[in-house]
Amino acid sequence: MEPIIQLRGVSKAFGKSVILDKMDLDIYPGESLGLIGPSGTGKSTILRIIAGLLAPDEGEVYLRGELRRGLIEDGNDPIYIGMVFQQAALFDSLTVEENVGFRLFQQSRMSRKHIRALVEEKLGLVGMAGVADRYPAQLSGGMRKRVSFARAIMSNPDRPQDNPEVLLYDEPTAGLDPIASTVIEDLVRDLQTVEGGCSTYLMVTHQDSTIRRTTDRIVFLYQGKVQWDGKTSDIDSTDNPLVRQFFSASTHGPIHVID
């Protein structure tokens, strides 16, 4: 199987701080991939580069084997990539309907009635039916996260090429209590298999339960490079010292502790 997304020799620095150092990464169709590692190691930077929101300083990004040229705003990508941000990133002044259907309202000629029906369909998939007329301030943190999921998987029947083939999750359970986190973790898995969802995703998270319940493969990032790539089921048996320190939460080991 050929990768749907490939990073080759990708480097990124901000000032004198090198975040990514000639990094390679493959993401395969239908994969549940987790990207983990200590804070500040470039995980969110990788998401932004894959999403086409940020250009690498060096290296290439391939989508279905095609070299990406430019950023997402240039409209040249052969696949559409949806993104779920850590803080949901909903527009406070817009209703749930307007948030979820934002892309269709902006880029299509569909009637509001048609868009409303598509919005309700996606809200139903994430367990949020009946909230289309509410504003983000009227929702709990977990509800806002689910609305952001609905927005990420919104499809455009007039332009099938704009339907998301890959989802990028940036800490979707951050700040949620354990029960709300479980709801979101279950939703991530459900959206991988349900019609109208998205079967391929990359998950960035620090939470142990989210790592174990939503991913099948793990890439451990540290000092700008991939330090371990293996099955989630091998987390507890690997002899990689970085992985062992990370999951034991020990302050002693090769990961430098920032005071």
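Observations
- Members of the range 1-28 that are aromatic (Phe, Trp, Tyr) and either within 19 Å of THR215 (Cβ to Cβ) or at pLDDT 95 or above (or both): TYR28
- Selection status of TYR222, within 30 Å of PHE105 (Cα to Cα), at pLDDT 90 or above, among the aromatic types (Phe, Trp, Tyr) and surrounded by 19 or more Cβ atoms within 10 Å (Cβ to Cβ): no
- Count of the range 43-55 residues which are in contact with a helix residue (DSSP H, G or I) (Cβ under 6 Å, 6 or more places away or on another chain) and either buried (at least 20 other Cβ atoms within 10 Å of the Cβ) or of a type in the set (Lys, Arg) (or both): 1
- The single residue among GLU31, GLU73, GLU58 that is at pLDDT 95 or above and more than 30 Å from ARG212 (Cβ to Cβ) turns out to be GLU58.
- Residue within the range 136-149 that is hydrophobic (A, V, I, L, M, F, W, C), modelled with pLDDT of 90 or more, part of a loop (DSSP other than H, G, I, E, B) and over 19 Å from the mean Cα position of the chain (by Cα) present: yes
- Matching residues in the range 133-170 - criterion: being touching a Ser or Thr at 6+ places or on another chain (Cβ under 7 Å) and either surrounded by fewer than 15 Cβ atoms within 10 Å (Cβ to Cβ) or without any contact (Cβ under 8 Å) to a residue 40 or more places away in the chain (or both): ASP133, ARG134, ASP158
Yes or no, residue by residue, for (1) at pLDDT 90 or above; (2) hydrophobic (A, V, I, L, M, F, W, C):
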| position | (1), (2) |
| --- | --- |
| LEU168 | yes, yes |
| LEU176 | no, yes |
| THR193 | no, no |
| GLY196 | no, no |
| ARG213 | yes, no |
| ASP216 | yes, no |
| SER237 | yes, no |
| LEU242 | yes, yes |
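- Complete set of residues in the range 1-22 that are over 19 Å from THR205 (Cα atoms) and among the aliphatic types (A, V, I, L, M): MET1, ILE4, ILE5, LEU7, VAL10, ALA13, VAL18
- Helices (runs of 4 or more DSSP H) fully within the range 75-133 that include at least 1 residues being polar (S, T, N, Q) and out of contact with any Cys (no Cβ under 9 Å at 6 or more places or on another chain): 96-100, 102-107.
- Filtered residues of the range 171-186 (kept if surrounded by 23 or more Cβ atoms within 10 Å (Cβ to Cβ) and without any contact (Cβ under 8 Å) to a residue 24 or more places away in the chain): none
- All of GLY40, GLY15, GLY9 fail the test of being loosely packed, with under 15 Cβ neighbours inside 10 Å and under 26 Å from PHE247 (Cα atoms), apart from GLY40.
The values are calculated or read from the model by the stated rules, or taken from the named source; none is laboratory data. Just so you know, these numbers come straight off a predicted model, no measurement behind them. Because the Cβ atoms are built from the backbone with ideal geometry, glycine has one as well, and the counts that use them run over all protein chains shown.
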